[in-house]
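Data block below; observations after.
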Amino acid sequence: MVNIKYICRHCRTTLGEIPRHAADEMRLGFHFLTPDERRDIISYDSNGDISVQLVCDYCREALNANPELILLDSPLQ
């Protein structure tokens, strides 16, 4: 079964997972994204799973407290 996985783009923590049959891209709001945003945020695995990259609360707080970390390739790994 294909799933939609939400993952932090910095620490790679899984934030949540939704079965693909439970929601479509319209209900998830993906249609509001520009083509560039879609390429940056959404990826498709070889098995059909969809990964959506977000920023978790921990990483957001760390980046807000230390904005210079954003200049690193992997600031919080």
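The values are calculated or read from the model by the stated rules, or taken from the named source; none is laboratory data. Values in this document were obtained by computation on a predicted structure and should not be read as measured data. A quick note on method: Cβ atoms are made from the backbone with ideal geometry, for glycine too, and the neighbour counts reach across all protein chains shown. Remember, those area values only see protein heavy atoms, side chains included, never the ligands or the DNA or RNA. Shrake-Rupley method; radii C 1.70, N 1.55, O 1.52, S 1.80 Å.
Tabulated results
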quantity: Accessible solvent surface per residue of the chain, calculated while the other protein chains remain in place, 1.4 angstrom probe, Å²; calculated: 70
quantity: Size of electric dipole in the chain: Cβ of Lys, Arg +1 and of Asp, Glu -1, about Cα centre, debye, nearest 20; calculated: 140
quantity: Largest to smallest principal axis extent of the C-alpha atoms in the chain, angstrom; calculated: 39, 24, 21
quantity: At R0 = 22 Å, FRET efficiency that the Cβ-Cβ distance of Ile18 and Arg60 yields, to 0.05; calculated: 0.55
quantity: The chain - percent of accessible surface contributed by carbon and sulfur, probe 1.4 Å; calculated: 52
quantity: HN-Hα J in Hz across the range 27-43 - Karplus 6.51, -1.76, 1.60, θ = phi - 60°, x for Gly and Pro; calculated: 5, 7, x, 4, 5, 7, 7, 6, x, 5, 4, 4, 5, 6, 9, 10, 9
quantity: Nonlocal amide H pairs with Asp49, under 5 Å, H built at 1.01 Å; calculated: Asn3
quantity: Computed [θ] at 222 nm, deg cm²/dmol, the chain (DSSP H ≥ 4; -39,500 (n - 2.57); rounded to nearest 500); calculated: -6500 deg cm²/dmol
quantity: Amide H contacts under 5 Å for Arg9, placed H, 5+ residues apart; calculated: Leu54, Val55, Cys56
